[in-house]
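Reading through the structure tokens given below for one structure.
The values are calculated or read from the model by the stated rules, or taken from the named source; none is laboratory data. Bear in mind that the values here come from a model prediction, so they are computed numbers and not experimental data. Don't worry about glycine lacking a Cβ; one is built from the backbone with ideal geometry, like all the others, and counts go over all protein chains shown. These accessible areas exclude ligands, DNA and RNA; they are computed on the full protein's heavy atoms, side chains included. Shrake-Rupley method; radii C 1.70, N 1.55, O 1.52, S 1.80 Å.
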Amino acid sequence: MLTLGIETSCDETAIAIVENGHKILANLVASSLPLHQQYGGVVPEIATRHHVEVINFVLKKALKKAGVDLKEIDLIAVTYGPGLVGSLLIGISLAKALSLALEVPLVAVNHLRAHLYAVCLEREENIFPFIGLIVSGGHSNLVSCRDIFNWRSLGQTQDDAAGEAYDKVARILNLGYPGGPLIDRLAKKGNPGAIFFPRADLGERLDFSFSGLKTAVLYFVKKQGKEIPIKDIAASFQEAVVDALVNNAWRACQKYRVNKLVIGGGVSANSRLREKLRNIALEKGIRIFLPQLDLCLDNAAMVAGLGYQLYQRDGETKKNLSAEPNLSIERL
Ligand code: KG4
Ligand code: ZN
């Protein structure tokens, strides 16, 4: 069964073709990132217009890459939230049009859940039940995932998301946007123990908080003279973020007696996070599932894959589906 996945929740226009929920035949992403960089963040209007301009072209290229004709597509899967409303609507409009024209079913996919499904691509094994950690530009969520349909939220950020903290600290350090990859690279040359930035103390809860850390970096930078130890700041800030993510994820595994941990979202590309998670997996005897680097960021293969699984159980989603910008992780 061939699923065409469509993802337009933020600044990436992504189309993928996935066979039977696992095998990627094509996975294309056209990003409008360069158009946003001068503003230091994604401008929703610009992102929406860019989706309109390129989506048909990306679709044609994806079909060509997969060696598939549009008539051979069996199912359409599309992200319907969370995300920017204008951007989401472009993907949903294309999905509805294709579903009607080709007379194939349509399923709506939750973007956050799709991020965790990324580890199931190119892998046939059933990895449920597991603890999931989603870390992206807009979200930091810990979830208990019993099977593909039953998910329960265990914790989330109380203020900034992990990726957002990277982006804001990069702005304080005048590095550019997006901050995650830039800080990741710089941190490799710095000493993570050079500066101690505070870790939020939320007691027994499995929530996160990163805005105090961001403010601590801001005050530290303001106190410096002309010479700002930028590499050490990057490494020390990153260590504080990664410590919080790894600690909570491990505590969730312990509390719920689950020995599998799945990570997804843009920040799961972070080299220090990946290293620390691998270490803790070895030390504590848990299994860790990290997406391939190109599947950490927004893509449509994860949407097609999860869409296929949802269709197998529930069949088609209603054709009158609409965008849900604030969709929660607990919804399908
Ligand atoms: O999942 P994603 O592509 O988009 C959202 O759904 O938000 O994540 C983008 C976020 C950005 O905040 C970016 O700074 C962060 O992921 N990011 C990273 C890395 N690569 C991307 N953060 C830390 N280290 C990285 N290597
Ligand atoms: Zn995302």
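General remarks:
- Look at (1) more than 23 Å from Pro181 (Cβ to Cβ); (2) open to solvent by 20 Å² or more (accessible area, probe 1.4 Å); (3) small (Gly, Ala, Ser) and you find that Ser271 fails only one, number (1).
- Scanning the range 120-141 for residues that are among the aliphatic types (A, V, I, L, M) and more than 16 Å from ligand 2 (Cβ to nearest atom) yields Ile127, Ile131.
- For Ala161: the one exception among (1) open to solvent by 50 Å² or more (accessible area, probe 1.4 Å); (2) under 19 Å from the mean Cα position of the chain (by Cα): (1)
- Within the range 195-225, restricting attention to residues that are among the β-branched types (Val, Ile, Thr) and part of a helix (DSSP H, G or I), the residue that is nearest to Glu239 (Cα to Cα) is Val217.
- Residues of the range 246-257 that are surrounded by fewer than 17 Cβ atoms within 10 Å (Cβ to Cβ) and assigned to a helix (DSSP H, G or I): Asn247, Gln254, Lys255.
- Boolean, Leu290 is away from ligand 1 (no atom under 16 Å from the Cβ) and touching a strand residue (DSSP E or B) at 6+ places or on another chain (Cβ under 8 Å): no
- Whenever a residue of the range 286-307 is of a type in the set (D, E, K, R), its partners that are at pLDDT 95 or above and within 15 Å of ligand 2 (Cβ to nearest atom), lying with C-beta atoms within less than 7 angstrom and at least six residues away or across chains, give the pairs Asp298/Glu7; Asp298/Ser9; Asp298/Cys10; Asp298/Glu12; Asp298/Ala14.
- Remark: Leu100 falls outside the filter, which requires a residue to be at negative phi and surrounded by 16 or more Cβ atoms within 10 Å (Cβ to Cβ).
- For Thr3, the conditions (1) more than 16 Å from ligand 1 (Cβ to nearest atom); (2) under 20 Å from the mean Cα position of the chain (by Cα); (3) crowded, with 20+ Cβ neighbours inside 10 Å are fulfilled apart from (2).
- If you check Asn270, Asn299, Asn320, Asn326 for being of a type outside the set (Phe, Trp, Tyr) and over 21 Å from Ile92 (Cα atoms), only one passes: Asn270.
- Taking every residue in the range 160-171 that is within 12 Å of ligand 2 (Cβ to nearest atom) and at pLDDT below 95 and pairing it with any residue that is of a type in the set (Lys, Arg) and in a helix (DSSP H, G or I), at least 6 positions away or on another chain, yields no pair with a Cβ-Cβ distance below 8 Å.
- Residue match in the range 33-50 (condition: open to solvent by 60 Å² or more (accessible area, probe 1.4 Å), modelled with pLDDT of 95 or more and in contact with a Leu (Cβ under 6 Å, 6 or more places away or on another chain)): yes
- Residue count for the range 258-299 under the criterion of being away from ligand 2 (no atom under 11 Å from the Cβ) and assigned to a loop (DSSP other than H, G, I, E, B): the result is 8.
- Test set (1) in a loop (DSSP other than H, G, I, E, B); (2) under 17 Å from the mean Cα position of the chain (by Cα) - Arg123 fails condition number: (2)
- When Gly138 is tested against (1) at pLDDT 95 or above; (2) within 30 Å of Val217 (Cβ to Cβ), only condition (1) is not met.
- Residue check, Arg287 under 25 Å from Gly21 (Cβ atoms), modelled with pLDDT of 95 or more and loosely packed, with under 14 Cβ neighbours inside 10 Å: yes
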